[in-house]
1. When the range 53-69 is examined, which residues are found to be in a strand (DSSP E or B) and under 14 Å from residue 103 (Cβ atoms)?
2. Of the residues 120, 126, only one is free of Cβ contacts under 8 Å to residues at least 60 places away in the same chain, touching a strand residue (DSSP E or B) at 6+ places or on another chain (Cβ under 7 Å) and either more than 15 Å from residue 156 (Cα to Cα) or surrounded by 13 or more Cβ atoms within 10 Å (Cβ to Cβ) (or both); which?
3. For residues that are over 14 Å from the mean Cα position of the chain (by Cα) and more than 19 Å from residue 123 (Cα to Cα), scanning just the range 69-95, find the one that is surrounded by the most Cβ atoms within 10 Å (Cβ to Cβ).
4. In the set 139, 147, which member is within 17 Å of residue 76 (Cα to Cα), more than 12 Å from the chain's Cα centre (by Cα) and crowded, with 20+ Cβ neighbours inside 10 Å?
5. Only residues that are part of a loop (DSSP other than H, G, I, E, B) and farther than 16 Å from residue 114 by Cα: list them for the range 70-86, please.
6. List the strands (runs of 3 or more DSSP E) inside the range 88-160, counting only whole elements, that have at least 2 residues being under 21 Å from residue 59 (Cα atoms) and touching a helix residue (DSSP H, G or I) at 6+ places or on another chain (Cβ under 9 Å).
7. Taking the range 35-60 only, how many residues are in contact with a strand residue (DSSP E or B) (Cβ under 6 Å, 6 or more places away or on another chain), within 23 Å of residue 128 (Cβ to Cβ) and touching a residue at least 24 places away in the same chain (Cβ under 8 Å)?
């Protein structure tokens, strides 16, 4: 069941990435240096910039430590929120029915598209030019290694 769920969610991510959106006044290929996903794991700080916002069945805010989707690096994070999201604090979990989710991949840490089994996403802005908020999560990989993502914050373009 977990493999089926991961395959379905992986397809959703791939499909979502194909619908990446920028605000209507951006030039094609431009980067928005005001967008970011920041967080800490075991005292190590991560700061991903030039965040992609994608929409299909859900809205995903995608960040990585590479140079973009063609070279994503070895660590990636995605925040999944429902279309029409409103401000507030929402629980995340790894069930297929969850409306808010966090996925994490890191080759160096041996995490391969794993979903948070607990945590929260707080949306402080969902209208206008940006989605903004904070998050935290606990994620366990297939080897039963657990990480805590702490002090997460994000700012990503909305979809026009």
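Nothing in this text is a laboratory measurement; each read-out follows from the coordinates by a stated rule. Here the structure is a predicted model, which is why all the values come from computation and not from measurement. With ideal geometry, Cβ positions are generated from the backbone for all residues, glycine too; neighbour counts draw on all protein chains shown.
1. The answer is 54, 59, 60, 61, 62, 63, 64.
2. 120
3. For the range 69-95, the residue satisfying everything is 73.
4. Just a single option satisfies the conditions, and that option is 139.
5. Matches in the range 70-86: 70, 71, 72, 73, 82, 83, 84, 85, 86.
6. 101-106, 111-115
7. Selection size over the range 35-60: 12.
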